[in-house]
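The values are calculated or read from the model by the stated rules, or taken from the named source; none is laboratory data. Predicted, not measured: the structure shown is a model, and the values here were computed from it. Don't worry about glycine lacking a Cβ; one is built from the backbone with ideal geometry, like all the others, and counts go over all protein chains shown. Accessible surface is based on the protein model in full, side chains and every heavy atom, while ligands, DNA and RNA are left aside. Shrake-Rupley method; radii C 1.70, N 1.55, O 1.52, S 1.80 Å.
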Amino acid sequence: MQRKKDVVDAKIAAAQDERGVLVVNTGNGKGKSSAAFGVVARALGHDFSVAVVQFVKSRSDTGEEGFYRKVADLCPGQLTWHVMGEGFTWETQDPARDAKAAQAAWTLARQYLRDPGVDLVVLDELTYAFKYGWLALDEVLADLAARPALQHVVITGRAAPEGLVAAADTVTEMTLVKHAFKAGVKAMPGVEF
């Protein structure tokens, strides 16, 4: 254990850069958005200013949004939350409307990415905007690269494109092993939404 401690201590001592990080939570497993919202809690605990922009979700009755709306009352001016999507693509059946909603969400997200007063930006389900061609990856990557030096960004969604993965500092791929829905259990409040 002492040898392990020495190795870990040396790595901690060598990591001296201080800058905003780009985190991507991707994969087919559950928990990508949930992990991002855990980072929101951590950031608020450090008195950070946080902006959340949701690119696909259209409902405002999710547990995390309800919770954070209550938290926002306790932390005035620290948290903004935007539900900007049109809903699941298989439900909307209107690609033009979905694209327009994603572009409007990106216009708003860019404002936060240019604001040095915002410490953390969560771009929930942004990867679908690339999958369906609603946004150009190169333009998004340019905006991410130009953000304030200490601003952190968390992006969620399945099938993160290789260019986004390459640009990110930390990438986690959630792997689906088993899901209750496949056994006929409907989406349950507090666990699924």
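Taken over the stretch 146-188, the percentage of Cα pairs per 10 Å bin, counting from 0 up to the bin with the maximum distance, is 19, 37, 24, 16, 4. With the cut-off at 16 Å, report for the stretch 124-167 the share of all Cα pairs above it, as a whole percent. That fraction is 32 percent.
Would you mind checking the tilt of helix 32-45 against the longest principal axis of the Cα atoms of the chain, expressed as 0 to 90 degrees and rounded to 10? Compared with the principal axis, the helix lies near 50 degrees. Using the Karplus relation 6.51 cos²θ - 1.76 cosθ + 1.60 with θ = phi - 60°, the per-residue 3J(HN,Hα) values for the stretch 47-54 come to 6, 6, 8, 10, 10, 10, 10, 9 Hz, with x marking Gly and Pro. Spin-label model, LEU150 to VAL185: label points 7 Å out along the Cα-to-beta-carbon direction sit 4.3 nm apart.
In this simple spin-label model, placing a label point 7 Å from the Cα along the Cα-to-Cβ direction at both HIS46 and VAL71 gives a separation of 1.4 nm. Compactness ratio for the stretch 118-193: Cα radius of gyration over 2.2 N^0.38 Å (N = residue count) comes to 1.34.
Rolling a 1.4 Å sphere over the protein heavy atoms, what is the accessible area per residue of the chain, to the nearest Å²? Write down the numbers at each step before the final one.
Details: 11320 Å² over 193 residues.
I get 59 Å² per residue for this part.
In this structure, the residue pairs whose Cα-Cα separation is over 22 Å, taken from LYS32/LYS57; LYS32/LYS100; LYS11/LYS32; LYS30/LYS182, are LYS32/LYS100; LYS11/LYS32.
About its Cα centre, what dipole magnitude does the stretch 135-193 give when the only charges are +1 on Lys and Arg Cβ and -1 on Asp and Glu Cβ, stated in debye to the nearest 20? Numbers along the way, then the final one.
Numbers: 5 positive and 7 negative charges, 97 e Å.
Around 460 debye, computed over the stretch 135-193.
Eigenvalues of the Cα gyration tensor times 5, then square-rooted: what semi-axes does that give for the chain, in whole angstrom, largest first? Don't jump to the answer; show the numbers that get you there.
Working: eigenvalues 150, 90, 72 Å².
The three semi-axes for the chain are 27, 21, 19 Å.
Remark: the stretch 67-75, residue by residue, has Karplus-estimated 3J(HN,Hα) of 5, 6, 5, 5, 4, 4, 5, 7, 10 Hz, where x stands for each Gly or Pro and the curve is 6.51 cos²θ - 1.76 cosθ + 1.60 at θ = phi - 60°. With all protein chains in place and a 1.4 Å probe, the accessible surface of the chain carries 56 percent carbon and sulfur.
Per Stokes-Einstein, at 37 °C and 0.692 mPa s, what whole-number D in µm² s⁻¹ belongs to the stretch 60-171, with the Kirkwood radius over Cα pairs as the hydrodynamic radius?
Values: Rh = 15.1 Å.
For the chosen part, D equals 217 µm²/s.
The largest accessible area among MET188, MET84, MET1 belongs to the first residue in MET1, MET188, MET84, and the rest follow in falling order (1.4 Å probe, all chains). Taking amide H positions as modeled 1.01 Å from N, with prolines and chain starts lacking one, the residues under 5 Å from HIS152 and 5 or more places away or on another chain are VAL21, LEU120, VAL121. Each residue of the stretch 138-148 was assigned a 3J(HN,Hα) from its phi angle through the Karplus expression (A = 6.51, B = -1.76, C = 1.60, θ = phi - 60°), giving 4, 5, 5, 4, 5, 5, 5, 5, 8, 5, x Hz with x at Gly and Pro. Farthest toward the positive end of the dipole of the chain, out of ALA43, TYR132, THR172, is the Cα of THR172, where the dipole comes from beta carbon charges about the Cα centre.
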